[in-house]
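Submitted below is the structure of interest, expressed as structure tokens.
The values are calculated or read from the model by the stated rules, or taken from the named source; none is laboratory data. Computed from a predicted structure; not experimentally measured. A quick note on method: Cβ atoms are made from the backbone with ideal geometry, for glycine too, and the neighbour counts reach across all protein chains shown.
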Amino acid sequence: MLELAELDAELTRLEHRRRGLPEHVEIERLEHRDGELRAELATLQALEGDLKREQAKAEADVEQVRSRIDRDRARLDAGQVNSPRELENLQSEVESLHRRQSDLEEVVLDVMERRERIESRQQEATAELAALGTELQRVTASRDAALAELAEQAAKAADQRASVVADEPADLLDLYERLRAQHGGVGAAALRRGVCQGCHLTLNTVDLNAIRAAADDEVVRCEECRRILVRTSESGL
């Protein structure tokens with residue numbers, strides 16, 4: 001029974017190690033960051049598309065103003081304007097168009113600078129995403145290797161447990177399993193120097209005398225935690 005309890009404790013420890021592998025936390029962190037980067041890249045791509053259209057429109061506006069300036073200058077150079085008032089108006093319009101062109105070119109430069117910043121961040125995020133993918137593969141491989149090793153150890157312990165269970169009476173096993181469920185997976189414990197190794201409390205003299213008087217094949221239990229007590233040469237009886 002004590003061997004069974006030790007095997008169950010080993011299986012519990014292995015399961016705890018399996019669930020508590022640091023790789024689980026690291027993979028979760030990496031996957032979360034991966035999601036953040038992908039979302040950011042999608043946003044950046046949309047912004048870059050908007051700025052590309054904005055730049056194209058601003059450049060088209062600049063070109064339109066330039067064409068208008070060229071037409072007006074052509075009229076002035078060709079001497080097609082004879083009226084002083086019309087000439088003054090045309091020259092004023094050319095000056096206004098130059099100011100408009102300068103403003104539009106500033107818009108184009110601003111949009112280009114914003115596009116460059118976004119494209120630079122896209123490159124950084126893409127590089128980080130690639131490095132993240134490599135790291136995720138490495139950590140995943142490490143986790144899988146650890147899980148495989150723990151699974152192998154658990155399989156061996158389970159096989160040993162099956163062999164031990166086969167030699168135990170059914171009614172004793174039923175009691176043991178019920179106690180395991182009630183006491184956090186520990187249904188039996190050794191009695192060592194008068195101390196129950198399940199609850200770590202010292203049994204009183206009356207309880208120890210009752211255990212001493214019990215037959216070797218009698219199931220004895222701790223009066224404090226009610227676990228099955230396994231008597232050994234170290235029990236202090």
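Collect the residues in the range 218-237 that are on the phi > 0 side of the Ramachandran plot and assigned by TED's automatic domain parsing to the domain that holds ALA189, keeping them in residue-number order.
Hit for the range 218-237 is ARG226, nothing else.
Tally up the residues in the range 152-172 that are of a type in the set (A, V, I, L, M), more than 14 Å from ALA5 (Cα to Cα) and surrounded by 13 or more Cβ atoms within 10 Å (Cβ to Cβ), please.
Qualifying residue count for the region: 1.
Of all residues in the range 2-34, count the ones that are of a type in the set (Gly, Ala, Ser) and out of contact with any strand residue (DSSP E or B) (no Cβ under 7 Å at 6 or more places or on another chain).
2
Checking the condition in contact with a Lys or Arg (Cβ under 8 Å, 6 or more places away or on another chain), surrounded by 15 or more Cβ atoms within 10 Å (Cβ to Cβ) and at pLDDT below 95, which residue from LEU129, LEU147, LEU90 passes?
That would be LEU90, the only listed residue that is in contact with a Lys or Arg (Cβ under 8 Å, 6 or more places away or on another chain), surrounded by 15 or more Cβ atoms within 10 Å (Cβ to Cβ) and at pLDDT below 95.
Step by step: first the residues of the range 178-214, then only those that are touching a residue at least 60 places away in the same chain (Cβ under 8 Å) and crowded, with 18+ Cβ neighbours inside 10 Å, then the one that is farthest from the chain's Cα centre (by Cα). Which residue is that?
Only one residue tops the list, namely ALA190.
Still on this structure, I have one more. State all residues of the range 132-142 that are surrounded by 13 or more Cβ atoms within 10 Å (Cβ to Cβ) and more than 11 Å from LEU30 (Cβ to Cβ); if no residue qualifies, say none.
SER142
Can you tell me which condition LEU229 does not meet? The list is (1) surrounded by 17 or more Cβ atoms within 10 Å (Cβ to Cβ); (2) among the hydrophobic types (A, V, I, L, M, F, W, C); (3) more than 25 Å from ARG13 (Cβ to Cβ), and all the others hold.
(3)
Would you call GLU10 in a helix (DSSP H, G or I), within 30 Å of ASP159 (Cα to Cα) and out of contact with any Gly (no Cβ under 8 Å at 6 or more places or on another chain)?
yes
Aliphatic (A, V, I, L, M) and under 30 Å from ARG121 (Cβ atoms): is that true of LEU21 in this structure?
no
When you look at LEU37, is it assigned to a helix (DSSP H, G or I), over 30 Å from ASP217 (Cα atoms) and modelled with pLDDT of 95 or more, yes or no?
yes
Among the residues of the range 122-150, what is the count of those that are without any contact (Cβ under 8 Å) to a residue 12 or more places away in the chain and of a type in the set (A, V, I, L, M)?
Residues flagged as without any contact (Cβ under 8 Å) to a residue 12 or more places away in the chain and of a type in the set (A, V, I, L, M) within the range 122-150 amount to 6.
Identify the single condition in (1) charged (D, E, K, R); (2) in contact (Cβ under 8 Å) with a residue 40 or more places away in the chain; (3) surrounded by 14 or more Cβ atoms within 10 Å (Cβ to Cβ) that GLU15 does not satisfy, given that it satisfies every other one.
Only one criterion is unmet by GLU15, namely (3).
Kindly indicate which of ALA39, ALA74, ALA78, ALA56 is of a type in the set (A, V, I, L, M, F, W, C), under 30 Å from LEU136 (Cα atoms) and exposed (fewer than 15 other Cβ atoms within 10 Å of the Cβ).
Going through ALA39, ALA74, ALA78, ALA56 in turn, the sole match is ALA39.
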